[in-house]
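Right, one structure below, let's go through it.
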Amino acid sequence: MAETVKADFSQLQRLLDDLQTAVGDVSRVMPVLAEVLVRAVQEVFDKEGAVGGAPKWPDLAPSTKANRRPMARRRKGQKRRKAKTGDVKYTILQDTRRLANSITPDHGDGFVQAWTNVKYAKFHISKAPRKRLPLRDFFAIDQDEW
């Protein structure tokens with residue numbers, strides 16, 4: 001069963017409605033707007049949530065960082081070694097980029113959207129009460145800039 005988590009893009013929908021009122025047929029514009037929306041979501045990933053005056057997402061837990069510690073690159077002939085903590089840059093929600101790369105555009109008669117089919121995405125953006133996993137809403141784009 002597919003699960004859906006919805007984000008509030010009502011401000012964007014009003015802009016689309018205004019555009020349709022002013023121009024008439026916007027069907028040729030919708031694919032482009034859907035791609036622009038996906039790029040806006042990618043920007044949230046790139047800036048780790050710090051868009052439109054929003055604060056950066058909460059840092060990763062030390063246990064998560066320990067589990068992610070990558071092996072340091074090695075030169076030919078050298079043994080592999082664990083990277084030192086200072087050598088590693090941790091990217092939030094982008095260890096494999098599976099989630100970020102799954103953001104897909106969609107459009108239709110009077111709507112554009114960005115969506116993902118990654119099952120664990122809902123745990124990052126759900127407004128449900130939280131105990132351990134902090135809210136990291138990657139759909140929280142800067143609607144004023146968009």
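State all residues of region 105-116 that are open to solvent by 50 Å² or more (accessible area, probe 1.4 Å) and in contact (Cβ under 8 Å) with a residue 24 or more places away in the chain; if no residue qualifies, say none.
Restricting attention to region 105-116, the residues satisfying the condition of being open to solvent by 50 Å² or more (accessible area, probe 1.4 Å) are 106-107, 109, 111, 113, 115.
Across region 105-116, the qualifying residues are 106, 107, 109, 111, 113.
Between a first residue in region 50-68 that is in contact (Cβ under 8 Å) with a residue 12 or more places away in the chain and under 12 Å from residue 140 (Cα atoms) and a second residue that is open to solvent by less than 60 Å² (accessible area, probe 1.4 Å) and outside any loop (DSSP other than H, G, I, E, B), which pairs have beta carbons less than 7 Å apart while being 6 or more apart in sequence or on different chains?
51/43; 51/44
Every residue in region 109-126 that is aromatic (Phe, Trp, Tyr) and under 30 Å from residue 28 (Cβ atoms), please. Give the derivation first.
Keep residues of region 109-126 that are aromatic (Phe, Trp, Tyr), which gives 111, 115, 120, 123.
Listed by number, the residues that qualify are 111, 115.
Within region 28-42, does at least one residue satisfy the condition of being surrounded by fewer than 13 Cβ atoms within 10 Å (Cβ to Cβ) and modelled with pLDDT under 85?
Yes, region 28-42 contains a residue that is surrounded by fewer than 13 Cβ atoms within 10 Å (Cβ to Cβ) and modelled with pLDDT under 85.
I'd like to check something: does region 124-131 contain any residue that is touching a Pro at 6+ places or on another chain (Cβ under 9 Å) and either surrounded by 14 or more Cβ atoms within 10 Å (Cβ to Cβ) or modelled with pLDDT of 95 or more (or both)?
Yes, the conditions are met somewhere in region 124-131.
Under 6 Å between Cβ atoms, which residue pairs at least 6 apart in sequence (or on different chains) link something in region 27-42 that is more than 24 Å from residue 99 (Cβ to Cβ) with a partner that is of a type in the set (A, V, I, L, M, F, W, C) and crowded, with 16+ Cβ neighbours inside 10 Å?
30/112
Give all pairs with beta carbons closer than 7 Å in which a residue from region 131-145 that is under 19 Å from residue 37 (Cβ atoms) meets a residue that is loosely packed, with under 12 Cβ neighbours inside 10 Å; count only pairs at least 6 apart in sequence or on separate chains.
Pairs found: 143/11.
The values are calculated or read from the model by the stated rules, or taken from the named source; none is laboratory data. Treat the numbers as computed from the prediction; the structure is a model and nothing was measured. Neighbour counts are summed over all protein chains in view; Cβ atoms, including those assigned to glycine, are modelled from backbone coordinates with ideal geometry. For accessibility, only protein heavy atoms count, side chains too; no ligands or nucleic acids. Shrake-Rupley method; radii C 1.70, N 1.55, O 1.52, S 1.80 Å.
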